[in-house]
Amino acid sequence: MPVYKNSDNGTWYVLARYLDWKGERKQKCKRGFSTRKEALEWERTFQQQNASDMDMTFEAFYELYRNDMRPRLKENSWMTKEHIVETKIMPYFGKRSLSEISNKDIMAWQNELLAYRDEKHKPYSQTYLKTVHNQLSAILNHAVRHYGLHCNPASKVGNMGTEERKEMKFWTKEEYKKFSDEMMDKPVSFYAFEVLYWCGIREGELLALTPSDFDFDKGTLRINKSYQRLHGEDVITTPKTKKSNRTIKMPDFLCEEMQDYLGMLYDVDKNDRIFNISKHYLGREMERGSKAAGVKRIRIHDLRHSHISLLIDMGFSAVAIADRVGHESIEITYRYAHLFPSKQEEMAKKLGYERKEIEDVR
């Protein structure tokens with residue numbers, strides 16, 4: 001691939017010919033290099049990327065990774081990933097040859113992150129350290145699986161940090177009742193929290209609701225989308241997981257309340273959002289209401305925990321609860337095991353009966 005100098009403005013450009021994924025010959029022109037050296041460097045990187053040469057730099061491979069993975073991830077998920085890569089990984093490995101990153105390099109990088117302290121002398125959380133390492137390992141795994149990198153040194157070294165589960169807080173029915181009484185002065189807040197508590201849906205699912213999602217004849221609420229605020233714009237995406245697509249049966253009183261609320265809305269289309277508020281607004285209202293009601297402050301997401309704990313207390317199974325809230329039943333069993341009544345004593349008694357029946361037969 002030759003490089004050329006533009007006689008009009010003195011910059012350099014590259015004409016690159018290559019085969020695309022269909023095997024068809026293509027040509028790419030890259031302009032605007034201030035020096036011949038920069039143009040040749042871009043040419044070398046392009047050749048390595050096109051040939052999947054693992055001697056390319058980490059930042060060059062990351063371009064391939066971005067092209068492969070970004071269309072497969074939700075925008076908010078990709079934004080989180082990219083921020084971590086650009087601030088915690090690229091400064092260390094960006095200019096390094098991918099094939100030359102060693103176990104020793106990974107350990108040195110980990111140790112530097114482990115030694116970090118902010119202005120208040122606090123380290124990164126164990127969960128954050130684990131997340132950062134997982135991002136690096138995911139990129140290197142991609143290189144191993146699809147581009148011929150010999151091994152993933154991040155996997156060999158092992159993770160740093162551990163996943164810390166945040167304390168699970170929830171309100172009892174009595175606490176929620178005190179809170180909801182304080183919300184009645186603002187209808188949009190009152191009805192939003194009613195849906196969150198009595199249906200156990202996620203915050204993004206609530207903010208994406210439209211009139212067409214309610215079937216008052218059947219008493220159901222359809223969950224098939226989620227709301228995000230990205231790059232200063234309102235974005236409607238698919239729900240968090242496939243299991244999250246679900247239809248929820250509402251209690252009769254909530255059906256009546258939501259019919260009242262929809263009747264208050266002026267000139268609303270069936271596909272318009274009915275809660276034109278932000279996550280920040282809900283957080284402020286949670287703060288205001290809990291303080292006024294004299295109940296402990298919990299997160300918005302903890303209303304979902306509150307709904308699940310209420311259903312457990314009412315005697316519903318993990319499978320039934322999982323279907324309602326859009327979880328896998330195994331996740332309900334694992335995360336809320338401490339709330340389910342213990343069956344150990346009943347099991348022991350029944351096993352004793354089984355043994356006695358065997359002995360009686362003998």
Filter the stretch 261-301 down to the residues that are more than 23 Å from T210 (Cβ to Cβ) and among the basic types (K, R) and list them by number. R284, R288, K291, K296, R297, R299
Positions within the stretch 161-192 being among the polar types (S, T, N, Q) and modelled with pLDDT of 95 or more, in sequence order: S180, S189
Test K95 against the stated conditions and say whether it is under 30 Å from T237 (Cβ atoms), in contact (Cβ under 8 Å) with a residue 24 or more places away in the chain and not acidic (D, E). no
Out of the residues in the stretch 221-248 that are farther than 23 Å from D302 by Cα and of a type outside the set (A, V, I, L, M, F, W, C), state the one that is surrounded by the most Cβ atoms within 10 Å (Cβ to Cβ). D234
List pairs: first residue in the stretch 281-301 and under 16 Å from M168 (Cβ atoms), second residue part of a helix (DSSP H, G or I) and of a type in the set (S, T, N, Q) anywhere in the structure, Cβ distance under 9 angstrom, at least six positions apart or on different chains. K296/S290; R297/S290; I298/S290; I298/S306
Based on what the data block shows, is L136 modelled with pLDDT of 95 or more and not acidic (D, E)? yes
Members of the stretch 171-192 that are within 19 Å of G263 (Cβ to Cβ), crowded, with 21+ Cβ neighbours inside 10 Å and hydrophobic (A, V, I, L, M, F, W, C): M183, A192
Which is among the basic types (K, R), surrounded by 14 or more Cβ atoms within 10 Å (Cβ to Cβ) and modelled with pLDDT under 85, of K81, K88, K74? K74
Single residue of H150, H142 found to be out of contact with any Cys (no Cβ under 7 Å at 6 or more places or on another chain), closer than 18 Å to K88 by Cβ and in contact (Cβ under 8 Å) with a residue 60 or more places away in the chain: H142
Only residues that are within 26 Å of L221 (Cα to Cα) and outside any helix (DSSP H, G or I): list them for the stretch 274-308, please. I274, F275, N276, I277, S278, I298, R299, I300, H301
Can you confirm whether V144 is aliphatic (A, V, I, L, M), at pLDDT 95 or above and surrounded by fewer than 19 Cβ atoms within 10 Å (Cβ to Cβ)? no
I'd like the full set of residues that are in contact (Cβ under 8 Å) with a residue 40 or more places away in the chain and over 30 Å from Y65 (Cβ atoms), limited to the stretch 153-170. M168, K169, F170
In this structure, does N245 turn out to be assigned by TED's automatic domain parsing to the domain that holds V319 and either in contact with a strand residue (DSSP E or B) (Cβ under 9 Å, 6 or more places away or on another chain) or small (G, A, S) (or both)? yes
Residue match in the stretch 30-37 (condition: loosely packed, with under 14 Cβ neighbours inside 10 Å, part of a strand (DSSP E or B) and either at pLDDT below 80 or touching a Phe, Trp or Tyr at 6+ places or on another chain (Cβ under 9 Å) (or both)): yes
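The values are calculated or read from the model by the stated rules, or taken from the named source; none is laboratory data. Owing to the predicted nature of the structure, the values given are computational and were not obtained by experimental measurement. Counting neighbours? That spans all protein chains shown, and the Cβs are built from the backbone with ideal geometry, glycine included.
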